[in-house]
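The values are calculated or read from the model by the stated rules, or taken from the named source; none is laboratory data. As the structure is a computational prediction, the values presented were derived from the model and not from experiment. Cβ atoms come from the backbone with ideal geometry, glycine included; neighbour counts cover every protein chain shown. To get the accessible areas, we keep the full protein, side chains included, count just its heavy atoms, and leave off ligands, DNA and RNA. Shrake-Rupley method; radii C 1.70, N 1.55, O 1.52, S 1.80 Å.
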Amino acid sequence: MNNDVRAEAARVVATLLEARGSLARLLPKAEGRVAHRDRALLCEFCYGCARTAPRLQLVAAKVLHKNPRDTLVSALILLGLYQLEYTRIPDHAAISATVNAARSLGLDRAAGLVNGVLRNALRNREQLQRKLCGNPQFSALHPSWLLQRIKAAWPQQASDILRANNTNPPMTLRVNTGKISRENYLQQCTATGLCAGPCAVSPVGIVLSAPVPVSDLPGFAEGLVSVQDESAQLAAPLLAPLVGERVLDACAAPGGKSCHLLEQQPSIKLSVLDIERERLDRVAENFGRCGLDAQMICADATRPSAWWDGRPYDRILLDAPCSATGVIRRNPDIKLLRRDGDIPALAQLQGKLLRAIWPLLKPGGSLLYATCSILPSENSEVTSPFIAETEDASDNTPELFNGCLWGEKQATGIQCLPQTGGGDGFYYALLSKAE
């Protein structure tokens with residue numbers, strides 16, 4: 001089935017506008033409904049609309065008299081505006097093709113509206129830009145609630161964070177040094193024509209000068225490397241399990257950190273936990289490619305009595321569900337999916353998870369609390385109160401990693417901020433349990 005690529009993109013964007021799915025889940029299905037030659041264009045449309053949506057929505061609001069009742073119509077307008085502002089597609093072709101997409105979606109009555117809105121926006125482009133250029137949401141390409149939170153939390157670094165969030169992320173690899181050294185893998189990259197260099201902080205990380213399909217990576221199918229951001233690569237060495245220790249990776253999907261733990265220390269007895277079977281299947285796929293094995297548990301981490309065998313763990317990784325505001329450049333749909341009201345609810349869940357999992361840690365053990373958020377309300381404002389109320393808990397997060405400063409020290413833990421050309425935004429707090 002080869003459907004109109006713009007119609008499929010509109011379906012994806014409409015679902016995002018309704019907060020009923022993510023690009024990671026929606027795009028693979030949409031790709032199967034368009035011609036192979038159109039898949040790259042589909043991805044550009046969907047990712048581009050999500051990345052620039054805060055600006056496009058302001059433009060649409062200025063041109064429209066009232067919001068369309070049908071979300072698909074709103075999505076088509078955003079898609080058309082994206083093509084006019086951010087692609088090399090000729091203006092007339094972009095408008096015509098988007099109107100045709102409306103008809104292919106059965107929206108014949110809305111085709112005239114889409115046509116009129118896009119032509120109006122094109123005709124008044126300079127005037128609209130002058131009116132909106134002073135709006136922070138327009139210039140920063142972030143929803144206003146998120147702008148306010150970032151500026152409040154990081155007043156000195158906000159402009160750099162916003163700039164990094166709006167750039168394309170680097171493609172970063174984690175070398176399985178149990179199978180090959182980083183130096184040898186870099187030599188293989190050079191031999192196959194890939195331009196790559198070592199990461200600045202991660203001792204097993206490699207960053208490519210340009211992204212490539214994983215099928216072009218030497219030894220990917222054999223598990224020599226995995227695709228993983230540099231900041232995410234710090235979890236395993238921070239937790240640093242010892243030979244034969246019993247380790248729990250709670251909220252583990254998609255399993256990159258789980259694989260890294262086993263690559264780093266193959267003798268550990270690892271249990272991998274996630275609440276969704278579909279997400280746990282992704283962990284199993286990653287394990288299969290890398291030739292690794294662990295106990296898989298599909299259960300709710302906040303209810304250990306339903307799945308825990310009563311034997312304490314030496315180390316626990318709690319990669320808590322979060323707003324993902326540190327990985328917006330990889331997941332720009334966060335700009336559409338997240339709301340300000342989500343943050344307090346997430347913080348409550350994070351605290352609940354931490355309190356539920358802590359009793360499973362043996363005295364003298366370590367728990368690494370991690371999120372891919374840059375908001376203190378999900379990070380230090382979760383871990384600091386927990387330490388204050390938990391007699392046997394203390395912060396043991398190192399200020400130096402691999403011999404260098406690696407993030408912004410917080411009241412508890414360390415915050416990595418997204419960097420243009422560098423790592424994503426991540427928070428880590430290594431908590432120790434008294435003996």
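For the options Arg339, Arg282, Arg37, a Gaussian network treatment of the chain with springs between C-alpha atoms closer than 10 Å singles out Arg37 as fluctuating the most. Among the protein heavy atoms of the chain, carbon and sulfur supply 50% of the accessible surface, probe 1.4 Å, non-protein parts ignored. Rounded to the nearest 20, the size of the Cβ-charge dipole of the chain about its Cα centre is 1700 debye, with Lys and Arg at +1 and Asp and Glu at -1.
Once the dipole of the chain is set up with Lys and Arg at +1 and Asp and Glu at -1 on Cβ about the Cα centre, which of Ala50, Thr71, Cys290 lies farthest towards its positive end? Working it through, the farthest residue towards the positive pole turns out to be Thr71.
With an 8 Å cut-off on Cα pairs and a minimum separation of 6 or more residues, tell me the relative contact order of the chain in percent. Relative contact order here is 14 percent. Using a 10 angstrom cutoff on alpha carbons, build the Gaussian network for the chain and name the most mobile of Ala61, Ala111, Ala236. Judging by the Gaussian network model, the answer is Ala61. The radius of gyration of the Cα set in segment 310-374, together with its Dmax, comes out at 14.4, 43 angstrom. With the cut-off at 1.5 for a/c, could you classify segment 337-435 from its C-alpha gyration tensor as rounded, prolate or oblate? Oblate is the answer for segment 337-435, as a/c is 1.5 or above yet b/c matches or exceeds a/b. Quick check: net charge around Cys251, other residues with Cβ under 11 Å of its Cβ, Lys/Arg +1 and Asp/Glu -1? Taking every other residue near Cys251 into account, the sum is -3.
Of all lysines in the structure, the ones whose alpha carbon falls short of 16 Å from that of Lys131, not counting any fewer than 8 places away in one chain, are Lys62. Within the shell defined by Cβ-Cβ distances under 9 Å, the residues around Leu361 carry a net charge of +2, with Lys and Arg each +1 and Asp and Glu each -1.
Across q = 0.14 Å⁻¹, the chain modelled as identical point scatterers on its alpha-carbon atoms has Debye log10 I(q)/I(0) values of -1.32, in the order of the q list. Could you tell me the distance between the Cα centroids of segment 3-33 and segment 200-249, to the nearest Å? Their Cα centres are 30 Å away from one another. Only DSSP H runs of four or more residues enter the estimate; each adds -39500 (n - 2.57), and after division by the residues of the chain the mean residue ellipticity at 222 nm equals -13500 deg cm²/dmol.
When the Gaussian network model of the chain links Cα atoms closer than 10 Å, the mean-square fluctuations of Cys416, Cys133, Cys49 top out at Cys133. Across segment 92-229, Cα pairs under 8 Å and at least six residues apart give a relative contact order of 19 percent.
Filter the cross-link list Lys335/Lys409; Lys151/Lys362; Lys151/Lys433; Lys29/Lys409; Lys257/Lys362; Lys352/Lys409 down to pairs whose alpha-carbon distance in this structure exceeds 31 Å. Checking Cα-Cα distances, Lys151/Lys362; Lys151/Lys433; Lys29/Lys409 exceed 31 Å. At a probe radius of 1.4 angstrom, the accessible area of the chain per residue rounds to 44 square angstrom. Based on DSSP, what percent of beta bridges with both residues in the chain are antiparallel, to the nearest 5? DSSP beta bridges in the chain are roughly 60 percent antiparallel.
What residue among Pro143, His260, Ser366 has its Cα farthest toward the positive end of the dipole of the chain, where the charges are +1 on Lys, Arg and -1 on Asp, Glu, each on the Cβ? Result: Pro143. Near Cys416, the amide H atoms lying under 5 Å from its own belong to Glu408, Phe426, Tyr427, Tyr428; only residues 5 or more places off or on other chains count, and H is placed 1.01 Å from N.
For segment 329-335, 3J(HN,Hα) computed residue by residue from phi via the Karplus equation (6.51, -1.76, 1.60; θ = phi - 60°) reads 5, 8, 10, x, 5, 4, 4 Hz, glycine and proline entered as x. Ellipsoid fit via the Cα gyration tensor, segment 63-159: semi-axes of 30, 15, 12 Å, each the root of five times an eigenvalue, largest first.
Other residues whose C-beta falls under 13 angstrom from the C-beta of Trp308 contribute a net charge of +2, scoring Lys and Arg +1 and Asp and Glu -1. Between Met296 and Val272, the built amide H atoms are under 5 Å apart, and every one of these is 5 or more places off in sequence or on another chain.
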